[in-house]
Amino acid sequence: MRILTLGGGTVGRWIADMLCRRRHSVTLIDSDPEIVRAINSELDVRAIEGNASQSTVLFSADVLSADLCLAVTGNDEVNIVAASMAKALGARRSIARVYAPAFRDLATFDYQQHFGIDSLLSLEQLSASELARAIRNPDAIPLEHFARGQLQVYEMEVASGAPAAGKKLMELDLPPGVRVGSLAREGRMWIASGADETHVGDRVSLVGMPDAISVARKVFGGEKRARKKTKVMIAGGGETGYHLASLLGREDFRIVLLETDAHRCEQLSKLLPHATIVQASANRRSVLEDEGGGTVDYFVGCTGNDESNIMAGVEARELGASRVMCVVGRPDYANVVGKLGIDLAVSERDVVARQILGFLNEGAVISQTKLPNGSIGVYELEVLPESPITQASLANLPLAGRCLIAAIQRDGFVRVPMAKDVLKVGDIIVALIDLDDTDEILCLFHSDS
């Protein structure tokens, strides 16, 4: 595929090299002549000097024939404008990297829709999602990115005495804003259908709006009783730490977040009212002892500094933390952290690599990923003109047990679909697809023309 990368900094250069090694044709644009010279001499890519947000530069990089444009300069605004222009000028898909949370906050303004960009990527948010899934359940369905943060996925076990126990899903009185995404039993996970019967001990994933999920949890959880909350200590109140605390939420987790900057602590106390914010350094053993670092279920180092994350994690492990995780940027640290007693090291590069590789698709597929258990794929799909998927309501399509339409994005709004819904051209949908049926299901989304 033909890939246009805007920005030759650490991230842009690494992405260009990764894609080049996978035999893609890569063109890179950067305004620094020294960076351009270095990339042209060291990598098998075409590097061009120029401003990525100027149309003449994009034309010289042959934006018209680009299958994918990745705007990853160090400036959020440049990335958004450049990705928007690239899409308007002919690139098939366009992605912009952003750092500031405001650009992903749909409550104030929908930058992605307004500028016609296929996706806004935050390395920090992706890393936080990876950590949150590892804490909740590594096999959890990752919808945080696909549904743009508007839908929630909650996994729970069917309790003894729950209204759902022993009943088929079609018989349950669930609110309209929630769907059962998957069922897991005896080590096997599959896409749920209305004919599936739930047993005590099954793990179900609920997909939907937060309020609707709160209601649906009572159907599967039985009598409400006090549960012990999982204790999580987060070292670092930057964007990764903030996103992690937000994703974990208040109902099942007791969160303590350590941050050294006083002003940032004030911000976090307003943004995260359910978390305990402490102005302190996680690299001081006395602080970890005083704040209960030795008694937590999870300690997560995400200070923005690899060495600080590793050292704080080692201290937490020695104090007695059950599991230790950290964010590590340097690839050469990957083999070291496991020997130091750190259970999981999340690399921003690895996380964004998987995300970008998921965008290298053709036709209706915008992006895709696979669940760790290997049986279910999560697809983001565009409904194309004259595709068979638009010819009938969801209930009358051959999807049951093979594909679950988990979300529909239409006119800038994301919602959980109903059985009577009919997909329209231009809709963006998120689907869970059984990998054995992928080809047949995707044919329904391909245009007949």
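Evaluating Glu289 against the criteria (1) within 22 Å of the chain's Cα centre (by Cα); (2) among the acidic types (Asp, Glu); (3) more than 26 Å from Ser119 (Cβ to Cβ) leaves one unmet condition, (1). Filtering Asp411, Asp439 for residues that are at positive phi, open to solvent by 30 Å² or more (accessible area, probe 1.4 Å) and without any contact (Cβ under 8 Å) to a residue 12 or more places away in the chain leaves a single hit, Asp411.
For region 314-325, a tally of residues being out of contact with any strand residue (DSSP E or B) (no Cβ under 7 Å at 6 or more places or on another chain), surrounded by fewer than 20 Cβ atoms within 10 Å (Cβ to Cβ) and part of a helix (DSSP H, G or I) returns 3. Taken together, Ile389, Ile356, Ile310 contain a single residue that is modelled with pLDDT under 90 and surrounded by 17 or more Cβ atoms within 10 Å (Cβ to Cβ), which is Ile356.
Listed by position, the strands (runs of 3 or more DSSP E) inside region 118-206 whose residues that are open to solvent by 30 Å² or more (accessible area, probe 1.4 Å), at pLDDT below 85 and not small (Gly, Ala, Ser) number at least 1 are 152-157.
Here region 213-223 is the region considered, the condition is being closer than 13 Å to Gln152 by Cα and at pLDDT below 85, and the residue that is surrounded by the fewest Cβ atoms within 10 Å (Cβ to Cβ) is Ser214.
Within region 366-375, track down each residue that is touching a residue at least 24 places away in the same chain (Cβ under 8 Å) and either open to solvent by 10 Å² or more (accessible area, probe 1.4 Å) or assigned to a loop (DSSP other than H, G, I, E, B) (or both). If the condition is that a residue be touching a residue at least 24 places away in the same chain (Cβ under 8 Å) and either open to solvent by 10 Å² or more (accessible area, probe 1.4 Å) or assigned to a loop (DSSP other than H, G, I, E, B) (or both), then Thr369, Lys370, Leu371, Pro372, Asn373, Gly374, Ser375 are the ones that fit.
Among residues of region 1-21 being basic (Lys, Arg) and touching a residue at least 12 places away in the same chain (Cβ under 8 Å), the one that is surrounded by the fewest Cβ atoms within 10 Å (Cβ to Cβ) is Arg2.
Working only within region 255-313, note down all residues that are of a type in the set (Ser, Thr, Tyr) and part of a helix (DSSP H, G or I).
Looking only at region 255-313, we keep the residues that are of a type in the set (Ser, Thr, Tyr), and these are 260, 269, 276, 281, 286, 295, 298, 303, 308.
Ser269, Ser286, Ser308, listed by residue number.
The values are calculated or read from the model by the stated rules, or taken from the named source; none is laboratory data. Bear in mind the structure is a predicted one, so any value in this text is a computation, not a measurement. All Cβ positions, glycine included, derive from the backbone under ideal geometry; neighbour counts span all protein chains shown. To get the accessible areas, we keep the full protein, side chains included, count just its heavy atoms, and leave off ligands, DNA and RNA. Shrake-Rupley method; radii C 1.70, N 1.55, O 1.52, S 1.80 Å.
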